[in-house]
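Q: Structure incoming, see below.
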Amino acid sequence: MLRNLIVLLVIAFTTYQGSLAQNEKSPNIVLLLADDLGYRDLSCYGSTQVKTPNLDKLAAKGIRFTDFYAGSAVCSPSRAALMTGRSSVRAGIYSWIHTSHKMHLAESEFTTAELLKKAGYATAHIGKWHLGYDLEEASGPGPNPGDQGFDHWIATGNNALPSHQNPVNFVRNGQALGEVEGFSSHILADEAIGWLENRPKDQPFFINLWFHEPHQKVAAPEKFLSEHKDTNLPAYYGSIENMDAAIGRILEELDNQGLTEETLIVFMSDNGS
């Protein structure tokens, strides 16, 4: 998995090296991670049910991988491997983390965010964490995203609860937010856009944006549900299209700020459906 990601980044750096050399700036990095997305759940990968125009545009303009492997077949180990570049077991995680587990990402691990922060990047984690449940300040051994190299973070321990709609379990920089109105993917897009507007402008940035979609329990706006009313999975398909719309808003913000050409954007899933 890590080798695949390194190859992807090397190719991306090579693709953009001309413009980057002209600007003499480190590229910004935006990592977009879906949760339990199936291989054929995007229209650019052959779905006839789901329309994902924003991700399709990324795939058309960038590099679309047809063989790309996650670090594990379940959430927490895959995310641990992605964050550390190591076997998840070595990083302290051997399975997906249940609320009854004391297991969490070892604080001694050196993460991608810590590496980039050391290189002068401003860093933000936005979305699902699932590398430990103790996110509120002084609530447990952690670590939370702030302990692992992120300057700013908003996260849930695992899934958005009770569903993607009006989640009640978001924590921002150690403070629980209570119920937040809206759908999870757009709550994350709002946070990303707000952070981009107020970020330190003299630093390159790394946004680690981990969506909850399309993991259960799914929810989606009526405009997407109505498109799939004749299927057996309207909320599932609708949640993916809603995530795509949220990604479109983030891409538009990057474009509005003139950042598109100096930003590496990677979209992947933590594991399969």
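The values are calculated or read from the model by the stated rules, or taken from the named source; none is laboratory data. If you're wondering where the values come from, they're calculated on a predicted model, not measured in any experiment. FYI the Cβ positions are ideal-geometry reconstructions off the backbone, even for glycines, and counts take in every protein chain you see. In case anyone asks, the SASA skips ligands and DNA or RNA and just uses the protein heavy atoms, side chains included. Shrake-Rupley method; radii C 1.70, N 1.55, O 1.52, S 1.80 Å.
Q: Any chance you could check the Cα centroid distance between the range 47-69 and the range 204-273 for me, in angstrom?
A: Here the answer is 12 Å between Cα centres.
Q: Computing the accessible area with a 1.4 Å probe over protein heavy atoms, can you report the carbon and sulfur percentage for the chain?
A: Whole-percent figure for carbon plus sulfur exposure: 50.
Q: Quick one: net charge around Phe206, please, counting Lys, Arg +1 and Asp, Glu -1 for every other residue with C-beta under 12 Å from its C-beta.
A: Cβ neighbours under 12 Å give a net charge of +1.
Q: Further question: Got a sec to turn the phi values of the range 259-269 into Karplus ³J(HN,Hα) couplings, 6.51 cos²θ - 1.76 cosθ + 1.60 with θ = phi - 60°, whole Hz, x for Gly and Pro?
A: Calculated HN-Hα couplings, in order: 9, 4, 6, 10, 10, 8, 10, 10, 10, 7, 10 Hz.
Q: State the extension gain, in nm to one decimal, for the chain segment bounded by Lys61 and Ala138, taking 0.36 nm per residue of separation less the distance between their alpha-carbons.
A: 23.3 nm
Q: Given an 8 Å cut-off on Cα distances and at least 6 residues of separation, report the relative contact order of the chain as a percent.
A: Dividing the mean separation by the residue count of the chain yields 28 percent.
Q: When the dipole is taken about the Cα centre of the range 92-162, and only Lys, Arg (+1) and Asp, Glu (-1) are charged at their Cβ, what size is it in debye, to the nearest 20?
A: Approximately 200 debye in magnitude.
Q: Between Ser100 and Ala176, how many nm apart are label points set 7 Å from Cα along the C-beta direction?
A: Inter-label distance under the simple model: 2.2 nm.
Q: Also: What FRET efficiency would be calculated for the residue pair Ser273, Lys223, taking the C-beta separation as r and a Förster radius of 22 Å, to the nearest 0.05?
A: So the FRET efficiency works out to roughly 0.40.
Q: To continue, here is another question. What ranking do 80-91, 223-234 get when scored by the average of other Cβ atoms within 10 Å per residue, highest first?
A: Highest-to-lowest ranking by the protection proxy: 80-91, 223-234.
Q: Separate question: In the range 119-208, what % of DSSP beta bridges are antiparallel (nearest 5)?
A: So the antiparallel bridges amount to about 40 percent of the total.
Q: Could I ask something else about it? With each pseudo-label sitting 7 Å past Cα toward Cβ, what's the Asn166-Glu252 distance in nm, one decimal?
A: Each label point is offset 7 Å from its Cα along the Cβ direction, giving 2.6 nm.
Q: Using Cα positions and a limit of under 21 Å, work out the lysines in reach of Lys223, with same-chain residues fewer than 8 apart set aside.
A: Lys51
Q: Separate question: Output the peptides 59-70, 127-138 sorted from most to least packed, where packing is the average of other Cβ atoms within 10 Å over each peptide's residues.
A: Final packing ranking: 127-138, 59-70.
Q: If r is the Cβ-Cβ distance from Arg90 to Val266 and R0 is 35 Å, what FRET efficiency results, to the nearest 0.05?
A: E(calc), rounded to 0.05, equals 0.90.
Q: Can you tally the net charge around Asn173? Count Lys and Arg as +1, Asp and Glu as -1, for every other residue whose Cβ sits under 13 Å from the Cβ of Asn173.
A: Once all neighbours under 13 Å are counted, the net charge is -4.
Q: Right, another one. For the chain, give me the percentage of DSSP beta bridges that are antiparallel, rounded to the nearest 5 percent.
A: Counting DSSP beta bridges with both partners in the chain, the antiparallel share is about 20 percent.
Q: With +1 on the Cβ of every Lys and Arg and -1 on the Cβ of every Asp and Glu, and nothing else charged, how large is the dipole of the chain about its Cα centre, in debye rounded to the nearest 20?
A: So the dipole magnitude of the chain works out to roughly 680 debye.
Q: While we're on this one: Looking at the range 150-211, which GluC sites (Glu not before Pro) are DSSP coil and have at most 14 other C-beta atoms within 10 Å of their C-beta?
A: When the GluC sites (Glu not before Pro) of the range 150-211 are filtered for loop state and at most 14 Cβ neighbours within 10 Å, Glu179, Glu181 remain.
Q: Determine the per residue accessible area of the chain with all protein chains present and a 1.4 angstrom probe, expressed in square angstrom.
A: Per residue, the chain has 47 Å² of solvent-accessible surface.
Q: Hey, another quick one. So for the range 183-250, averaging the separation of alpha carbon pairs under 8 Å that are six or more residues apart and normalising by length, what relative contact order in percent results?
A: Relative contact order here is 39 percent.
Q: I want the local charge near Ala113. Using Cβ-Cβ distances under 12 Å, sum +1 for each Lys or Arg and -1 for each Asp or Glu among the other residues.
A: -2
Q: From the phi of every residue in the range 69-81, what ³J(HN,Hα) in whole Hz does the Karplus formula 6.51 cos²θ - 1.76 cosθ + 1.60 yield, where θ is phi - 60° and glycine or proline is x?
A: Ordered by residue, 3J(HN,Hα) equals 10, 7, x, 6, 8, 10, 3, 4, x, 5, 5, 5, 5 Hz.
Q: A follow-up question, please. Put a dot 7 Å past each Cα toward the Cβ at Leu233 and Ser26; how far apart are the dots in nm?
A: My value for the distance between the label points is 3.9 nm.
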